[in-house]
Amino acid sequence: MMGTSLSTPLTLLAAAALLAACGTPEQAAYNADPIMAMSEEYGPPCEKSGYAKGSAAWRSCIEQTSRRDDLVRHSLHLDRYMQWYWIR
């Protein structure tokens, strides 16, 4: 009886560890360096703005552009929600 009560949490822990280890290469690249992972999408506009590729200013431009896009996406969602909320 004592072995079964301990084996269940250990089995669940082992399963969780295995699932956590299963990640895509894109997720691994993003976790290693999020700015470089976003550079495909946001790098060219920052380079056109005059930032040297790989510089601290270029990385900052990518981060700011990504944040701006996230805010636009989320604000549109919140705006629709708030309209629905206040209209009802």
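Residue-by-condition table, conditions (1) of a type outside the set (Ser, Thr, Tyr); (2) under 14 Å from the mean Cα position of the chain (by Cα); (3) at pLDDT 90 or above:
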{"position": "5", "(1), (2), (3)": "no, no, no"}
{"position": "16", "(1), (2), (3)": "yes, no, no"}
{"position": "21", "(1), (2), (3)": "yes, no, no"}
{"position": "24", "(1), (2), (3)": "no, yes, no"}
{"position": "27", "(1), (2), (3)": "yes, yes, no"}
{"position": "30", "(1), (2), (3)": "no, yes, no"}
{"position": "34", "(1), (2), (3)": "yes, yes, no"}
{"position": "42", "(1), (2), (3)": "no, no, yes"}
{"position": "47", "(1), (2), (3)": "yes, no, yes"}
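The set of residues in segment 36-67 that are open to solvent by 40 Å² or more (accessible area, probe 1.4 Å) and either hydroxyl-bearing (Ser, Thr, Tyr) or at positive phi (or both) comprises 49, 50, 51, 54, 60.
The values are calculated or read from the model by the stated rules, or taken from the named source; none is laboratory data. Treat the numbers as computed from the prediction; the structure is a model and nothing was measured. For the accessible areas, the whole protein counts, side chains as well, though only heavy atoms, and no ligand, DNA or RNA atoms are used. Shrake-Rupley method; radii C 1.70, N 1.55, O 1.52, S 1.80 Å.
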